[in-house]
Amino acid sequence: MRATTPAPWSLLRMRQSPHLRDLVAETTFGVKQFVQPVFVVEDLRAPEDVPGLGDTRRLPLASALDAIADDADRGVRHFLLFNVPADKQDDEVGTEHLARTIATIKQAFGARIFLWIDVCLCAYTTHGHCALLDARSAIDLDRTLSSLDRIAVASADAGADGVAPSDMMDGRTRSIRAALDGAGHHAVPIMSYSTKFASSFYGPFRDAAASAPAFGDRRHYQIDVRGRRDAIAASVRCAGEGADLLMVKPGMTSADLIAPITRATKKPVGAYQVSGEYAALFLLAERKLVDFDSALVETWHVLRRAGAAFIISYGARRAASLGLAS
């Protein structure tokens, strides 16, 4: 068999930053292996609570800067930005608010944090689906990939450290990698939502990101929960297309897939503890059926035991105070 030569930057991308090296370190477990989601909403005047998500709120940009500063003081280094624009459309999605938000955050914090950008169309479209649709409401894949490419490149141009495509479109990782490289962003890593199920556990997030589908559901592009082979193949595909990090979502209900995906791809595989999983702990705690902090740490250890290289959680900001200071 002929040996293959790794593409330029395919290994260097994950070594270039101490935050990246800490995120996927294999012999530690602490706050540096966590990613904190942040929702920034254009034209929002004051923070808004999201049912079940505790101190993770929908934020105007000024409030987001304060929240990130507080989280960074607690040891959080990785943030996943969900940009929620005021105007939604169904054709060429705008990136102006996203670019301003990224530039402002990076100007404020620089290399102190690593800023990932969720790359999807659901918060930008009037119909709330993760793709652009044709006249028959079917996925227009070529136009969708082009829009995802523009969001990824605009994010990198504005100073984003990494991009995280979450749309589950065929070929999106290869397309985004080519677009980033073509724009000179060879060092920007891709953290792919590579195994993302059509799940019942996304409800609170859809309120936070204003991204609920206006009709139908997402089962024709997200993975069926009964599909183990499909789930593993999706991550293998993303790895082959140039993803630097992979992810299972929802984390708790996908824990059985982390180890086989890691073996199949030789890539760091993380777990997204999604909004419904996180909110369930709050509801149990409100009924005094569990101790929230103990239950939260238990779920994190389960994900780590399953092989998760990193964890995206709405409680990432609590990790250090709960004994995971690393």
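The values are calculated or read from the model by the stated rules, or taken from the named source; none is laboratory data. Fair warning: this is a prediction, and the values are worked out from it, not measured in the lab. Neighbour counts are summed over all protein chains in view; Cβ atoms, including those assigned to glycine, are modelled from backbone coordinates with ideal geometry.
When you check ARG304 against the structure, is it of a type outside the set (A, V, I, L, M), closer than 19 Å to VAL50 by Cα, modelled with pLDDT of 95 or more and out of contact with any strand residue (DSSP E or B) (no Cβ under 6 Å at 6 or more places or on another chain), yes or no?
no
Condition check ((1) in a helix (DSSP H, G or I); (2) over 15 Å from the mean Cα position of the chain (by Cα); (3) of a type in the set (Ser, Thr, Tyr)) across all residues:
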{"position": "ALA179", "(1), (2), (3)": "yes, yes, no"}
{"position": "ALA187", "(1), (2), (3)": "no, yes, no"}
{"position": "LYS196", "(1), (2), (3)": "no, no, no"}
{"position": "ALA208", "(1), (2), (3)": "yes, no, no"}
{"position": "TYR221", "(1), (2), (3)": "no, yes, yes"}
{"position": "VAL225", "(1), (2), (3)": "no, yes, no"}
{"position": "ILE232", "(1), (2), (3)": "yes, yes, no"}
{"position": "VAL236", "(1), (2), (3)": "yes, yes, no"}
{"position": "GLY240", "(1), (2), (3)": "yes, yes, no"}
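Somewhere in region 7-22, is a residue under 18 Å from the mean Cα position of the chain (by Cα), within 22 Å of GLY323 (Cβ to Cβ) and surrounded by 15 or more Cβ atoms within 10 Å (Cβ to Cβ)?
The answer is yes, given that some residue of region 7-22 is under 18 Å from the mean Cα position of the chain (by Cα), within 22 Å of GLY323 (Cβ to Cβ) and surrounded by 15 or more Cβ atoms within 10 Å (Cβ to Cβ).
Across region 250-274, what is the number of residues that are outside any strand (DSSP E or B) and buried (at least 24 other Cβ atoms within 10 Å of the Cβ)?
Here the count works out to 5.
The rows are residues; the columns are (1) surrounded by fewer than 17 Cβ atoms within 10 Å (Cβ to Cβ); (2) of a type in the set (Lys, Arg); (3) within 19 Å of PRO37 (Cβ to Cβ); (4) out of contact with any strand residue (DSSP E or B) (no Cβ under 6 Å at 6 or more places or on another chain).
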position: GLY240; (1), (2), (3), (4): yes, no, no, yes
position: ASP244; (1), (2), (3), (4): no, no, no, no
position: VAL248; (1), (2), (3), (4): no, no, yes, no
position: GLU277; (1), (2), (3), (4): no, no, yes, yes
position: LYS288; (1), (2), (3), (4): yes, yes, no, yes
position: ALA308; (1), (2), (3), (4): no, no, yes, no
position: GLY315; (1), (2), (3), (4): no, no, yes, yes
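So, in region 139-173, exactly how many residues are touching a Cys at 6+ places or on another chain (Cβ under 9 Å) and either on the phi > 0 side of the Ramachandran plot or in a helix (DSSP H, G or I) (or both)?
Here the count works out to 6.
State all residues of region 275-326 that are touching a residue at least 60 places away in the same chain (Cβ under 8 Å), among the polar types (S, T, N, Q) and not in a loop (DSSP other than H, G, I, E, B); if no residue qualifies, say none.
SER275, SER313, SER321
Which condition from (1) within 20 Å of LEU245 (Cβ to Cβ); (2) outside any loop (DSSP other than H, G, I, E, B) is the one that THR27 breaks?
(2) is the only condition that THR27 fails.
Kindly indicate which of ALA69, ALA99, ALA46 is surrounded by fewer than 15 Cβ atoms within 10 Å (Cβ to Cβ), of a type in the set (A, V, I, L, M), modelled with pLDDT of 90 or more and not in a loop (DSSP other than H, G, I, E, B).
Going through ALA69, ALA99, ALA46 in turn, the sole match is ALA69.
Would you pick out the residues in region 108-138 that are hydrophobic (A, V, I, L, M, F, W, C), assigned to a loop (DSSP other than H, G, I, E, B), touching a Phe, Trp or Tyr at 6+ places or on another chain (Cβ under 9 Å) and crowded, with 23+ Cβ neighbours inside 10 Å?
CYS120, CYS130, ALA131
Within region 199-238, how many residues turn out to be surrounded by fewer than 18 Cβ atoms within 10 Å (Cβ to Cβ) and under 24 Å from GLY159 (Cβ atoms)?
So the answer is 0.
Going by what's in this entry, would ARG57 be described as buried (at least 17 other Cβ atoms within 10 Å of the Cβ), among the charged types (D, E, K, R) and touching a residue at least 12 places away in the same chain (Cβ under 8 Å)?
Here the answer is yes, as ARG57 does meet what is asked.
What number goes with the only condition from (1) of a type in the set (Lys, Arg); (2) farther than 24 Å from TYR124 by Cα; (3) surrounded by 19 or more Cβ atoms within 10 Å (Cβ to Cβ) that LYS196 does not pass?
For LYS196, the exception is condition (2).
Any chance you could count how many residues in region 31-54 are charged (D, E, K, R) and closer than 23 Å to GLY270 by Cα?
Qualifying residue count, region 31-54: 1.
Looking only at region 297-323, how many residues end up being over 16 Å from the mean Cα position of the chain (by Cα), under 26 Å from SER235 (Cβ atoms) and not acidic (Asp, Glu)?
Residues that pass the stated criteria total 10.
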